[in-house]
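See structure below.
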Amino acid sequence: MSPNVYWVMVRVCIGSVLLLTVTADDECFIETKVPKGTSYEAVVGGDLEIECKVDFCEEAPPTVDWWKREQTDVPVNVSEGSRIKTLTEFNGSLHGRSVLIFHDIRLNDSGVYQCRSGDSNSHIINVSVNEECFIETRVPKGTSYEAVVGGDLEIECKVDFCEEAPPTVDWWKREKTEVPVNISEGSRIKTRWEFNGSLHGRSVLIFHDIRLKDSGVYQCESGDSNSHNINVSVNGSINPEPEVALWMYMYVVAGIVLFVSIISVVSMCWCQGESKKETQTEIQYVAFPAKQPIPHAGLHPSP
């Protein structure tokens, strides 16, 4: 091979490599990433989120579509009135994820899903929806409340459920043995149920005129779910200000009554004294007519 031919071949190879490099730099590839064998499980009436990671090469994130693979591939309905929505999040420069969100999930949402962007199709995602209903009581660990004797107190237990009718929630006081809290008609302790949204609510245990013996550890229970412990501390020291004010009021009233009584007695004594003086003065100055001397009977000579 002549030197000239050799150098021509080298130049052609270098040019081809440079051309491929420039072409690769100009072309933008989008990659959807879902681990193989990804699957999710959900319960009827609950919520579920499934995700698809996306790598891209332009500042503007690419469009990600979701499909349900049945006999034919069907685009997932994420319109305004649908229970299913999408959310796009950035995880960093040129990286992000698309999230498919099911609200109030149903049995017919079970199936095989796939995300697509550009020419990239992800691995399939299996979604299984079960009819079994699970109830979950939720109380943060270490929850505690403080109260003062005679006051009112409310403690709460959040509950997630999966049926339209709210579940029964029982309250227990944990002593040597667990004792159900007395919430009967004549009890000072009552319960209240509140809805916090679809299939979410809370049970509230209400103490009226709380007492020292109400101190202790409480727990809510619903279905097979028991909450974390709730510590209730009742302080026996009552704010003395109302009592002091009451005693001061009583002292003032008693003082006024005593003062009025003394004035009344003095006035009565003074009036009686004045009355006696006037009577004595009248007695001293009463004039009695002088007695005429009675003529003595003399002997007169008989005629």
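With the structure loaded, tell me whether residue 173 is touching a Phe, Trp or Tyr at 6+ places or on another chain (Cβ under 9 Å) and under 29 Å from residue 133 (Cα atoms) or whether it fails that test.
yes
Of everything in region 149-205, what is under 19 Å from the mean Cα position of the chain (by Cα), assigned to a loop (DSSP other than H, G, I, E, B) and hydroxyl-bearing (Ser, Thr, Tyr)? Give them in sequence order.
The answer is 198, and nothing else.
Residues checked against (1) of a type in the set (Lys, Arg); (2) out of contact with any strand residue (DSSP E or B) (no Cβ under 7 Å at 6 or more places or on another chain); (3) farther than 30 Å from residue 59 by Cα; (4) not assigned by TED's automatic domain parsing to the domain that holds residue 225:
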{"residue": "94", "(1), (2), (3), (4)": "no, no, no, yes"}
{"residue": "110", "(1), (2), (3), (4)": "no, no, yes, yes"}
{"residue": "159", "(1), (2), (3), (4)": "no, no, yes, no"}
{"residue": "162", "(1), (2), (3), (4)": "no, no, yes, no"}
{"residue": "165", "(1), (2), (3), (4)": "no, yes, yes, no"}
{"residue": "170", "(1), (2), (3), (4)": "no, no, yes, no"}
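From (1) at pLDDT 90 or above; (2) over 32 Å from the mean Cα position of the chain (by Cα), pick out the condition that doesn't hold for residue 20.
(1)
Just to be sure, is residue 227 within 28 Å of residue 105 (Cα to Cα), within 18 Å of the chain's Cα centre (by Cα), buried (at least 18 other Cβ atoms within 10 Å of the Cβ) and among the polar types (S, T, N, Q)?
When the stated conditions are applied, residue 227 passes them.
With the condition kept exactly as written, say whether any residue in region 49-69 is surrounded by 12 or more Cβ atoms within 10 Å (Cβ to Cβ), touching an Asp or Glu at 6+ places or on another chain (Cβ under 8 Å) and under 20 Å from residue 198 (Cα atoms).
No, because not a single residue in region 49-69 is surrounded by 12 or more Cβ atoms within 10 Å (Cβ to Cβ), touching an Asp or Glu at 6+ places or on another chain (Cβ under 8 Å) and under 20 Å from residue 198 (Cα atoms).
Where in region 73-137 are the strands (runs of 3 or more DSSP E), entirely inside, with at least 1 residues that are at pLDDT 90 or above and within 30 Å of residue 221 (Cβ to Cβ)?
95-102, 125-130
The values are calculated or read from the model by the stated rules, or taken from the named source; none is laboratory data. Since the structure is predicted, the reported quantities are computational estimates derived from the model, not experimental observations. Quick reminder, even Gly has a Cβ in these numbers, built from the backbone with ideal geometry, and neighbours come from all protein chains shown.
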